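Below is one structure, written out as structure tokens; comments come after it.
The values are calculated or read from the model by the stated rules, or taken from the named source; none is laboratory data. Just so we're clear, the structure is a prediction, and the values are computed from it rather than from any experiment. FYI the Cβ positions are ideal-geometry reconstructions off the backbone, even for glycines, and counts take in every protein chain you see.
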Amino acid sequence: MRVTIDAVPLLYRSAGVKNYLYYWIRNLRREAADIDLRLFPFLGEPSSLDHEASPADPLTTLARLGLMFWLNRIPTDLSRWLVPRADVFHASKLRYPPRGPKLTATVHDLTWRLMPGMHSQANVAAEHVFAENVLRRADGIIAVSEATRADAVRILRLAPEKIRVIHHGIAEGFFEAAPRKSERPYVLFVGTIEPRKNVPLLLDAWAALPASLRAGFDLVLAGPAGWRQRETLARLADPPAGVRYLGYVPEQDLPGLFAGATVFVYPSLYEGFGFPVAQAMAAGAPVITAGVSALPEIAGGAALLVDPHSEAELRGAMAELLISPARRASMSEQGRKNAQRFTWRECARKSAQFFHDTAGV
């Protein structure tokens, strides 16, 4: 069976979707020998994962992105002449996919509908076109969580029977990580500095902890600068004592950073899956996260859940874990067990079956 995946997000700056495509494609090739897998637009398998840069050379990247720019502005079936012959075409960013093969796609989240103010107007418009032209037409859809599937059915009125939940995986390096060396114990946040990640609440809750408690730990934040966060980035550029902002941390350095954390805190307002929560658990860090969207599903009862709008709840949860090594040890063990649910091998196996079922072969 031939499957072509629209892999254009690999070519530009991206976090969760790029992470997904990189590991998903690599493991599909390992686990599904009976699938002839091609990447569109005319891409080979990426040799490494860099969330900040393209795996291709500048000329190749520019040419492929230019092609996608024009294809997404011409509402015709022109793409069918450019996409390799396939039984299934899996769309990611191509808004006018070819008409010939079976059409599939992955739904990562519905924030563009639920929280449009946390996206640019251009992004909301693009997602609307994708939903109308791809998701409504698709023969099969992968949802990355039960929460995302429920949102897709409720908000987009998609037929539930054509949506299959297939959780992401976690790279093996997170399960095997040795703690990063640090002069002081630290509480960790990892994520893009953007409105949805709720970093201002975390900074406020940290500042409200008793000084005697903060004296024993640092607050470390890691992740690239996003958009509409000028005030937050200004706070991180001149942080108070005990707060450190690392900026973007390369993929290969993340497992040790997670493993070395005393506590991992992720008060996001909405997640379709929540990679950092699962990664932190795999690395053995006790987790505090928000009790909304897919986060309770991914946490699996192994995290402290808080209201992401309540500074007091977040402050209380951090204080509770920082003063209790026994509680942290118990949560670390529970989290490691929970994270074993998420492997790329299992994700690839289920995805291969999804493609076979959709194509009917």
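If you go through the range 91-139 and keep only what is among the polar types (S, T, N, Q) and touching a residue at least 24 places away in the same chain (Cβ under 8 Å), you end up with S92, T104, T106, T111, S120, N133. Comparison of I141, I155 shows that the only residue that is crowded, with 18+ Cβ neighbours inside 10 Å and either closer than 16 Å to Y20 by Cβ or out of contact with any Cys (no Cβ under 8 Å at 6 or more places or on another chain) (or both) is I141.
For the structure I just gave you, tell me whether R38 is more than 17 Å from the chain's Cα centre (by Cα), among the basic types (K, R), in a loop (DSSP other than H, G, I, E, B) and surrounded by 15 or more Cβ atoms within 10 Å (Cβ to Cβ).
On the way: more than 17 Å from the chain's Cα centre (by Cα): yes; among the basic types (K, R): yes; in a loop (DSSP other than H, G, I, E, B): no; surrounded by 15 or more Cβ atoms within 10 Å (Cβ to Cβ): yes.
The answer is no for R38.
Each row is one residue, and each column tells you yes or no for (1) surrounded by 17 or more Cβ atoms within 10 Å (Cβ to Cβ); (2) within 22 Å of the chain's Cα centre (by Cα).
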| site | (1), (2) |
| --- | --- |
| R2 | yes, no |
| L10 | yes, yes |
| A53 | no, yes |
| T60 | no, no |
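From the list P239, P210, the lone residue that is within 13 Å of R315 (Cα to Cα) and surrounded by fewer than 18 Cβ atoms within 10 Å (Cβ to Cβ) is P210. The sole residue among V287, V277 that is within 15 Å of the chain's Cα centre (by Cα), at pLDDT 95 or above and aliphatic (A, V, I, L, M) is V277. I142 - would you say it is in contact (Cβ under 8 Å) with a residue 40 or more places away in the chain and aliphatic (A, V, I, L, M)? Yes: the conditions hold for I142. Of the residues A261, A241, A278, the single one that is outside any loop (DSSP other than H, G, I, E, B), small (G, A, S) and either more than 23 Å from S120 (Cβ to Cβ) or free of Cβ contacts under 8 Å to residues at least 60 places away in the same chain (or both) is A278. Number of residues in the range 314-349 that are surrounded by 16 or more Cβ atoms within 10 Å (Cβ to Cβ) and among the basic types (K, R) equals 4. With respect to A299, is the statement that it is outside the structural domain of A150 (by TED's automatic domain parsing), of a type outside the set (S, T, Y) and exposed (fewer than 14 other Cβ atoms within 10 Å of the Cβ) true? Answer is no for this residue. Among residues of the range 63-104 being outside any strand (DSSP E or B) and of a type in the set (G, A, S), the one that is modelled with the lowest pLDDT is S79.
Taken over the range 280-329, residues that are closer than 22 Å to A177 by Cα, in contact with a Leu (Cβ under 7 Å, 6 or more places away or on another chain) and of a type outside the set (A, V, I, L, M) amount to 4. For the range 167-196, filtering for residues that are touching a strand residue (DSSP E or B) at 6+ places or on another chain (Cβ under 6 Å) and either buried (at least 21 other Cβ atoms within 10 Å of the Cβ) or within 15 Å of L254 (Cβ to Cβ) (or both) leaves 6.
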